[in-house]
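Student: My structure is below; once you've seen it, I'll send some questions.
Bear in mind these aren't lab numbers, they're just calculated from the coordinates by the rules spelled out. Since we're looking at a predicted model, the values are computed, not measured. Quick reminder, even Gly has a Cβ in these numbers, built from the backbone with ideal geometry, and neighbours come from all protein chains shown.
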Amino acid sequence: MEYRLSPDKLIDITRPLDGSTPSWPGDVGFSKETRVYAAFHTSKLTMSSHCGTHIDPPAHLARYNTFVDDIPLNRLILPAVVVDCRGNREIDQAFIQDISLDGKALILKTVSDETGNSVESMVYSYLCANAAHLAVNRGARIVGIDTLSVDPPDSADTHEILLGASIPILENLLLDDVPPGDYLLLCFPLKITAGDGAPVRAFLQPSVTANFTRGVLRRRIQSTQ
């Protein structure tokens, strides 16, 4: 498929990495140590592979062996639909039952400010198992959310359903300035060999400017599976 890319239309949906970046309790948060070496700054970065805005490949679950560097490009650059789920802790199938998902990214907007997640109380919105099954059956190719996890704190059911169907998961997205609707998703994970997860830089472009057909500025994303 061919897309018209307009850099001035891109919306950055990546959370900044700093000392306040939310991370899963008990996991390694982000820290940076910078020193001057000769005439240059150089920094040591410490963080979990699932810190900040990140991607979960199937190998996030120990029994699978599809890693970050195995994810095909057509699951990282593709049409997307953003669904407004604000005000609802449980996102069930009613939110997506009338939406066409075949070959698309499903992006769930649940919060309305940069804090996004209540790490202390672990109260956040998540995708119910019935909705995850529906997303799989409807042909979604990747699922993203703007909270710590697609699952509630005491469950991994949605991870099991999506990753078991080879559908990668994006978590901790920043969707404050993104209205619901149709977009082009561009997602660039670090290419970590055998990575169980990786930080990503992710963007959305409104579909009306991406065109999804032929354009003056075209990029061809070829399927690898």
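Student: Tally time: how many residues in segment 8-63 are over 15 Å from residue 169 (Cα atoms), of a type in the set (Gly, Ala, Ser) and in contact with a strand residue (DSSP E or B) (Cβ under 6 Å, 6 or more places away or on another chain)? Spell out the reasoning first.
Tutor: Within segment 8-63, the first condition is being over 15 Å from residue 169 (Cα atoms), and the residues that meet it are 8-12, 15-48, 62-63.
Within this subset, residues satisfying the condition of being of a type in the set (Gly, Ala, Ser) are 19-20, 23, 26, 29, 31, 38-39, 43, 48, 62.
If we keep only those that are in contact with a strand residue (DSSP E or B) (Cβ under 6 Å, 6 or more places away or on another chain) as well, we get 31, 43.
Within segment 8-63, residues that are over 15 Å from residue 169 (Cα atoms), of a type in the set (Gly, Ala, Ser) and in contact with a strand residue (DSSP E or B) (Cβ under 6 Å, 6 or more places away or on another chain) number 2.
Student: Exactly one condition in (1) hydrophobic (A, V, I, L, M, F, W, C); (2) within 23 Å of residue 16 (Cβ to Cβ); (3) within 15 Å of the chain's Cα centre (by Cα) is false for residue 127; which is it?
Tutor: (2)
Student: With respect to residue 83, is the statement that it is over 22 Å from residue 152 (Cα atoms), in contact with a strand residue (DSSP E or B) (Cβ under 7 Å, 6 or more places away or on another chain) and surrounded by 13 or more Cβ atoms within 10 Å (Cβ to Cβ) true? It would help to see each step written out before you state the result.
Tutor: Details: over 22 Å from residue 152 (Cα atoms): no; in contact with a strand residue (DSSP E or B) (Cβ under 7 Å, 6 or more places away or on another chain): yes; surrounded by 13 or more Cβ atoms within 10 Å (Cβ to Cβ): yes.
No; evaluated as a whole, the condition is false for this residue.
Student: Now for a different question. Restricting to segment 24-60, give me the number of residues that are among the hydrophobic types (A, V, I, L, M, F, W, C) and more than 17 Å from the chain's Cα centre (by Cα). Walk me through how you get there before you give the answer.
Tutor: Step one: list which residues in segment 24-60 are among the hydrophobic types (A, V, I, L, M, F, W, C), which gives 24, 28, 30, 36, 38-40, 45, 47, 51, 55, 59.
Adding the requirement that they be more than 17 Å from the chain's Cα centre (by Cα) leaves 28, 30, 36, 38-40, 45, 47.
Total meeting the criteria: 8.
Student: Of all strands (runs of 3 or more DSSP E) completely enclosed by segment 117-191, which ones contain at least 1 residues that are surrounded by fewer than 19 Cβ atoms within 10 Å (Cβ to Cβ)?
Tutor: Filter on segment 117-191 gives 181-189.
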